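Everything below concerns the one structure shown next.
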Amino acid sequence: MHLLVTWQDLSDKDLQQIEEKTGATILKGFTEEEAREYAPQADVILGGFGAASVLEAAVKCRWMQTPFAGVESILAAKWGNPEMILTNGRGSFGPNISEHVLGLILSFNRGLHLARDQQNQRVWQPRLSIPFRELTGSTVGILGFGDIGRHVAKRLAPFDCKVEGFRQHPSEGVHGLDEFDSFLPSLDYLVCALPETSKTIGFLHKDRLRLLPKQAIVVNVGRGSLIPTDDLILALEEKWISGAALDVTSPEPLPKESPLWTMPNVIITPHNSGFTAHLKKRSLQTFFANWQHFIETGQPQINLVSASLGY
């Protein structure tokens, strides 16, 4: 069994553990050239997505496990084996990204981003350009109430927040996307954690942003394509909303000329909310469990991706 590993965050020690647990022949494809060279031999691929040519060359690959949640670029590529099964890293990002979300919200509430700017300028000014606010007792909408959304809600509970969750397939206590618009005027914060699909691209457009109250803060840790960038800039400039915290943008990286960089009511982090030391451990646990299923039954069982749904 040949296992092509393209996940560049893995160390030699990690590769040794993978070899010991799987018994597979490890093909190390940490560069595009290496991955493309070894792709025709691969029975399984573990790693993030590189060039489309790698997947096209993987004519024998029966299963690909990506450690990440978003799979839109993988699904958009041509697969050398159209029957390949794709699994993702869903379930590995809840604790880490939800803590990032709370950090962004609390930074806004207490003006920590502005205080840091003042610190760099050696300015002592207790009164900032924004009023301090409290998370306690606020109403928070979570757009995309999956693993990340549930972890955000769990961490909001000690603040006595009222949480309204929304997802494409509603369940008890979680609203469908068709109800989303009616809740927008009541939200103090809107946390966005949706994957990128044909239904989510441009979903939070200017007409919806206008429905939010002026004190609302939008936090996006899902995909930048959810919010048309020009619409977001307009909402911030016209003060339809109070601010935006963005771990994802459209496009990525955010162009240097974008006005979002210098807006005082914007906090930007470079799509790194999931990068903690625990991510690798959780992702490998999922891979090893799926490997066992793959060896025993011929296919993985955990986090199967639906091409029609996009996640």
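Here are some notes:
- Looking at Phe108, Phe145, just one residue is closer than 21 Å to Leu246 by Cβ, touching a Gly at 6+ places or on another chain (Cβ under 6 Å) and open to solvent by 20 Å² or more (accessible area, probe 1.4 Å), and that residue is Phe145.
- Number of residues in region 27-42 that are closer than 12 Å to Ala57 by Cα and buried (at least 18 other Cβ atoms within 10 Å of the Cβ) equals 5.
- Within region 166-173, the presence of at least one residue that is modelled with pLDDT of 95 or more and under 28 Å from Asn88 (Cα atoms) is confirmed.
- Count of residues meeting criterion [among the aromatic types (Phe, Trp, Tyr) and within 21 Å of Thr200 (Cβ to Cβ)] in region 241-269: 0
- Residue, nearest to Ala216 (Cα to Cα), within region 84-116, restricted to residues that are without any contact (Cβ under 8 Å) to a residue 24 or more places away in the chain and of a type outside the set (Gly, Ala, Ser): Arg110
- Scanning region 241-263 finds one or more residues that are touching a residue at least 24 places away in the same chain (Cβ under 8 Å), among the acidic types (Asp, Glu) and surrounded by 21 or more Cβ atoms within 10 Å (Cβ to Cβ).
Residue by residue, here is whether (1) touching a strand residue (DSSP E or B) at 6+ places or on another chain (Cβ under 8 Å); (2) within 30 Å of Leu75 (Cβ to Cβ) holds:
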position	(1), (2)
Gln121	no, no
Gly144	yes, yes
Pro158	no, no
Ser171	no, yes
Phe180	yes, yes
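- Evaluated against (1) assigned to a loop (DSSP other than H, G, I, E, B); (2) open to solvent by 30 Å² or more (accessible area, probe 1.4 Å); (3) under 26 Å from Tyr189 (Cβ atoms), Ser92 falls short on exactly one condition, (2).
- Within region 53-74, the set of residues being part of a helix (DSSP H, G or I), within 24 Å of Ser225 (Cα to Cα) and open to solvent by 50 Å² or more (accessible area, probe 1.4 Å) comprises Glu72, Ser73.
- If you go through region 104-140 and pick out every residue that is among the small types (Gly, Ala, Ser) and not in a loop (DSSP other than H, G, I, E, B), you end up with 2.
- Residue that is farthest from Ile241 (Cα to Cα) [pool: residues in region 156-193 that are in contact with a helix residue (DSSP H, G or I) (Cβ under 7 Å, 6 or more places away or on another chain), open to solvent by less than 20 Å² (accessible area, probe 1.4 Å) and of a type outside the set (Gly, Ala, Ser)]: Phe166
The values are calculated or read from the model by the stated rules, or taken from the named source; none is laboratory data. In this text, all values refer to a predicted model and were calculated from it rather than measured experimentally. Neighbour counts run over all protein chains shown; Cβ positions are idealised from the backbone, glycine included. These area figures cover heavy atoms from the full protein model, side chains too; ligands, DNA and RNA do not enter into them. Shrake-Rupley method; radii C 1.70, N 1.55, O 1.52, S 1.80 Å.
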